[in-house]
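Participant: There's a structure below that I have some questions on.
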Amino acid sequence: MAIKFTFPLLPRLNCAYHSNNASAKPILDDFISSINVVNMNNVFKHQTIAIRRNYKLKLPDSIIAASALTENMSFITSDKGFRRITELDFILYAPSI
């Protein structure tokens with residue numbers, strides 16, 4: 001089963017910006033080109049505003065959470081702060097060291 005990645009534009013651009021490792025760049029470029037970008041329609045905008053108001057999140061975090069909600073997708077992150085957004089299908093990523 002293939003895994004589908006969906007991101008709003010902001011984290012996608014941020015990911016591309018931080019790709020300073022020359023050997024990882026081709027892999028990251030392939031990954032970024034395969035990402036589905038969420039369109040910012042009215043439902044998405046209203047969801048972003050509601051999350052920001054209800055949970056007092058910063059705008060980038062509100063956009064990220066709204067993308068998962070409007071696309072009806074699970075949300076995987078290592079940021080425990082998103083746990084308080086009860087509407088999210090939240091999955092905490094805890095990398096093993």
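A short reminder: the numbers here are calculations on the coordinates, not readings from a lab. Just so it is clear, the structure is predicted and the values come from calculations on it, not from any experiment. Heads up, the Cβs are rebuilt from the backbone with ideal geometry, glycines too, and the neighbour counts pull from every protein chain shown.
Participant: Please compute the modelled spin-label separation between Ser23 and Asn42, points set 7 Å along Cα→Cβ, answer in nm with one decimal.
Facilitator: With each label placed 7 Å out from Cα toward Cβ, I get 5.2 nm.
Participant: At 0.36 nm per residue, minus the direct Cα-Cα distance, what do Ile49 and Ser96 gain on full extension? Give it in nm, one decimal, please. Each step should come with its number before you reach the end.
Facilitator: Working: separation 47, 0.36 × 47 = 16.92 nm, distance 3.46 nm.
Full extension of this stretch gives 13.5 nm more.
Participant: Fewest to most neighbouring Cβ within 10 Å: what's the order for Phe31, Phe90?
Facilitator: By the 10 Å Cβ count, ascending, the order reads Phe31, Phe90.
Participant: Mind sorting Thr70, Thr86 by how few other Cβ atoms lie within 10 Å of their own Cβ, fewest first?
Facilitator: Taking fewest neighbouring Cβ atoms as first place, the list is Thr86, Thr70.
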